[in-house]
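A quick write-up on the structure given underneath.
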Amino acid sequence: MNDKVLLRWLNWFYTLEMGQIDLYVNQAKQSNDDYIKHVLLKIAEIELNHARMFKDIIIRLGSKPLKIDSLLSYITGLLPGKLTPLFGTVNFFYYNYVIETMAIYDYKKLIKKIEPDSVLHCDLLDILTNNLVEEDIHRSWFKDRRESLQRIKKKQKK
């Protein structure tokens, strides 16, 4: 994969991670549940680490994250982060699950395309694989919490 194509991928992931940070921080601000708030902030911290790693690789390739990515992360993160809590915890967990699922899909897609033919590509493969594991853990947590809340609501209706 040439550097130009790789930079497009890296900027996409940087945007995705920045959007997730905005999403989770804003959801945490609106949460009345201290545990959920803490988990969302912890996940945002992990996503921030992912974004920093992508920014570092972009810089190592002699570029900078694109300015348009800030606008996209605002649209995909900040706005939904303020709106999704209004639709209830079960629904915002589902939204987060979908976002994490999309991230996992894209991570897997890029991992398959990277040839470990340089130190940078080997470093990137390690980063992508570690991030993939963490995204999958986040997705599993959101799915589990959503299903637990749905079970509780069903029992309460009976």
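Identify all residues within the range 127-158 that are among the charged types (D, E, K, R), assigned to a helix (DSSP H, G or I) and loosely packed, with under 12 Cβ neighbours inside 10 Å; write none if there are none.
Passing the criteria: 151, 153, 154, 155, 157.
Looking at this structure, is residue 28 of a type in the set (Gly, Ala, Ser) and modelled with pLDDT of 95 or more?
For residue 28, the condition - of a type in the set (Gly, Ala, Ser) and modelled with pLDDT of 95 or more - is not met.
When you scan the range 46-56, do you find a residue that is under 12 Å from the mean Cα position of the chain (by Cα), among the aromatic types (Phe, Trp, Tyr) and crowded, with 18+ Cβ neighbours inside 10 Å, even just one?
no
Quick check on my filter: what residues within the range 1-36 are outside any helix (DSSP H, G or I) and crowded, with 16+ Cβ neighbours inside 10 Å?
31
The values are calculated or read from the model by the stated rules, or taken from the named source; none is laboratory data. All values reported here derive from a predicted model rather than from experimental measurement. We place every Cβ from the backbone using ideal geometry, glycine too, and count neighbours over all the protein chains shown.
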